Number of protein chains: 2
Amino acid sequence: MINPFDDTYFMKKALQEAEVAFEKGEIPVGAIVVIKDKIIARSHNLTELLNDVTAHAEMQAITSAANFLGGKYLQDCTLYVTLEPCQMCAGALYWSQISKIVFGASDEQRGFRVMGTKLHPKTKVVNGILEKEASELMKRFFIEKRNLN
Amino acid sequence: MINPFDDTYFMKKALQEAEVAFEKGEIPVGAIVVIKDKIIARSHNLTELLNDVTAHAEMQAITSAANFLGGKYLQDCTLYVTLEPCQMCAGALYWSQISKIVFGASDEQRGFRVMGTKLHPKTKVVNGILEKEASELMKRFFIEKRNLN
């Protein structure tokens with residue numbers, strides 16, 4: 001039997017969150033947290049609406065998933081996020097001891113890899129899932145923003 | 001005239017926050033944010049109480065200060081924190097473009113310096129203010145915790 005719950009399936013859900021951010025005028029990044037094929041947190045970037053640099057999609061997803069689980073560690077969880085996490089989010093993921101991080105588009109400027117942020121040794125990383133879709137949504141956002149200003 | 005509002009004065013306020021964390025059974029770290037000699041945010045570590053790895057003193061202080069200011073950038077602010085910020089908190093401070101970070105005790109294991117986290121180029125760093133007091137509070141916490149277990 002084919003398992004429909006693969007990384008692409010869940011990344012589509014994260015992309016839906018990114019689209020909600022886009023509609024709100026936020027840099028379009030979405031995230032979800034999954035445990036045993038079940039989505040336990042959904043979030044999108046809200047830095048503009050909340051006037052808060054800490055309101056990245058991943059940070060909210062970590063808080064929300066821990067709240068659902070009743071414990072602060074996400075050892076059996078996977079985070080799906082449309083853009084490569086930054087230093088702050090990778091630092092939070094380090095503390096969470098999350099099992100797996102799957103991201104879509106790379107962030108060559110401020111992504112955790114180019115910045116050298118350390119993840120927890122137990123955390124696996126997969127990248128490039130729906131990368132094109134995530135990148136195009138970002139590009140569309142910045143083009144529309146430029147045209148408005 | 002002597003200005004009573006020096007780094008030691010404000011670090012004492014951050015230490016008071018760390019003591020509140022201690023009393024709650026949290027790793028005792030406290031933080032405040034100051035703008036023009038005025039305290040606009042006070043916070044302490046709440047990771048255990050909130051079951052949330054993102055609830056470090058600095059993260060709450062950044063959110064709280066931005067909320068007070070009505071904008072997400074802390075360009076004219078100074079953060080006082082009793083312990084050297086971690087990757088996550090330094091990453092958040094990077095986004096905030098804060099003017100100055102003053103910390104007490106160094107964190108040789110997980111502090112942002114040993115982890116290589118980048119701050120904003122405009123951010124100045126001062127360390128070692130009331131270092132002994134901050135370190136001793138941490139040591140006392142871990143000794144008491146070990147004796148309880």
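Summed over region A:47-59, residues that are of a type in the set (A, V, I, L, M) and either without any contact (Cβ under 8 Å) to a residue 24 or more places away in the chain or in a loop (DSSP other than H, G, I, E, B) (or both) total 4. None of A:Tyr73, A:Tyr94 is in a helix (DSSP H, G or I) and surrounded by fewer than 24 Cβ atoms within 10 Å (Cβ to Cβ) except A:Tyr94. Residues in region A:97-109 that are under 28 Å from B:Asn51 (Cα atoms), surrounded by fewer than 20 Cβ atoms within 10 Å (Cβ to Cβ) and within 14 Å of chain B (Cβ to nearest Cβ): A:Gln97 alone.
The residues of region A:33-46 that are within 14 Å of the chain's Cα centre (by Cα) and assigned to a loop (DSSP other than H, G, I, E, B), listed by number, are A:Asn45, A:Leu46. If the condition is being within 9 Å of the chain's Cα centre (by Cα) and within 15 Å of B:Val34 (Cβ to Cβ), then region B:56-103 contributes B:Ala57, B:Glu58, B:Ala61, B:Leu79, B:Tyr80, B:Val81, B:Thr82, B:Ile101, B:Val102, B:Phe103.
Could you please give the count of residues in region A:1-32 that are assigned to a loop (DSSP other than H, G, I, E, B) and either within 14 Å of the chain's Cα centre (by Cα) or within 18 Å of A:Pro85 (Cα to Cα) (or both)? Counting residues in region A:1-32 that are assigned to a loop (DSSP other than H, G, I, E, B) and either within 14 Å of the chain's Cα centre (by Cα) or within 18 Å of A:Pro85 (Cα to Cα) (or both) gives 4.
Listed by first and then second residue, the pairs with beta-carbon distance under 8 Å, at least 6 apart or on different chains, first residue in region A:111-139 and away from every other protein chain (no Cβ under 14 Å), second basic (Lys, Arg), are A:Lys124/A:Lys100; A:Val125/A:Lys100; A:Val126/A:Lys100; A:Leu130/A:Lys12. I'd like to know if region A:80-87 contains one or more residues that are of a type in the set (Asp, Glu) and in contact (Cβ under 8 Å) with a residue 40 or more places away in the chain. Yes, region A:80-87 contains a residue that is of a type in the set (Asp, Glu) and in contact (Cβ under 8 Å) with a residue 40 or more places away in the chain.
Since every read-out is calculated from the coordinates, none of them should be taken as a lab result. Computed from a predicted structure; not experimentally measured. Heads up, the Cβs are rebuilt from the backbone with ideal geometry, glycines too, and the neighbour counts pull from every protein chain shown.
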